[in-house]
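Down below is the structure, laid out as structure tokens.
None of the figures in this text is laboratory data; all of them are computed from the coordinates on show. Predicted, not measured: the structure shown is a model, and the values here were computed from it. Every residue, glycine among them, receives a Cβ derived from its backbone with ideal geometry; neighbour counts consider all protein chains shown.
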Amino acid sequence: MEIIRNYYQNAMTTIDSVNIFIDYVEEVLDLEPRQVMLADSICSDDVNSIQYPARAHEFLGPFKMGGLDGFPFTGLTGMGAFASHVPDDGAVFIYYGPHIGITKDGIIGEIHRIGQSKNTGCCGAAKGALNKLMNNQIEEGNITEIDYQMNSIEQILLKQKDRVLNAKIPLLEATEVIYEAIDNRINELVEKTNYNCKYVILMGAVLINSDTEMGSFTHTKRFDIIDLATQERKSLLDEYYA
Ligand SMILES: [Zn+2]
């Protein structure tokens, strides 16, 4: 945890973060987990399936919105789909964000995976796009059919080129930039979608994967609830960290 907190001061285990959320749902909202439709927008990397927190399966779902590095590539159609699947008196819960590896020795951008002798990149897509950015290999507006998601991540970084390349740890900054792009897009999608339930709850975070035996951590940056009857939106971050 100390090693993780060198980079992400507010990180906690993903298990703790899920427990806090379930307590909130049951005690404050007076809902059962089976009244909550979970959608996640996280990287399709297999490590995120391996380290998926067990208690998250108490919710309905998950509906998978994310492609490479967690960008919500299922778009407006995806958001509309699970919005129409949620129980009438329930809530939609969207957990989203990019991910980054930190090994137990504190190496950022890598993890040790099951059965391998060497570490590998995490997030591989973010690292690949960053490498291209450093080598001036990203062409503005270049999005191909065969590698559409990767090219989209490249374009996100290209728009913040100086900010990323001048940072002390460029991969950390690139991850922030990707977080902001995901957060903006999720909010835009929420605004354009109709929900037939009581609440929409948004949790935006950087998901931190570590070596197999260490599991994953969450650095939560947004925790908002929208009451759909009143359209009132409030942040629950203070309560979350208390
Ligand atoms: Zn990834």
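Taking other Cβ within 10 Å of each residue's Cβ, how do Lys118, Lys234, Lys161, Lys64 sort, fewest first?
Working: Lys118 7, Lys234 11, Lys161 14, Lys64 18.
Ascending Cβ contact count within 10 Å gives the list Lys118, Lys234, Lys161, Lys64.
With N the number of residues in the stretch 91-200, Rg(Cα) / (2.2 N^0.38 Å) evaluates to 1.25. Here's how it looks for Phe63: its modeled amide H is under 5 Å from those of Leu38, Ala39, Asp40, which are all 5 or more places away or on a different chain. Within the stretch 1-146, the proportion of Cα pairs with more than 27 Å between them is 34 percent. Taking label positions 7 Å along the Cα-Cβ direction at both Ser44 and Lys168, the computed distance is 3.6 nm, reported to one decimal. By DSSP, the beta bridges lying fully in the chain are antiparallel in about 55 percent of cases.
Based on DSSP H segments of at least four residues, each scored -39500 (n - 2.57), the chain has a per-residue ellipticity at 222 nm of -10000 deg cm²/dmol.
Over the stretch 75-118, the hull volume per residue, using the convex hull of the C-alpha atoms, is 155 Å³. Note on Glu140 and Ile3: their simple-model spin labels are 4.2 nm apart, each label 7 Å out from Cα toward Cβ.
If a spin label sat at a point 7 angstrom from the Cα of Asn194 along the line to its beta carbon, the backbone N atoms of the stretch 200-242 nearer than 19 Å would be those of 200, 227-232. The relative contact order of the chain, computed from alpha carbon pairs under 8 Å that lie at least 6 residues apart in sequence, is 23 percent. Compactness of the stretch 47-87, taken as the C-alpha radius of gyration over 2.2 N^0.38 Å, stands at 1.28.
Taken as Cα centroids, the stretch 4-68 and the stretch 139-213 sit 18 Å apart, rounded to the nearest whole angstrom.
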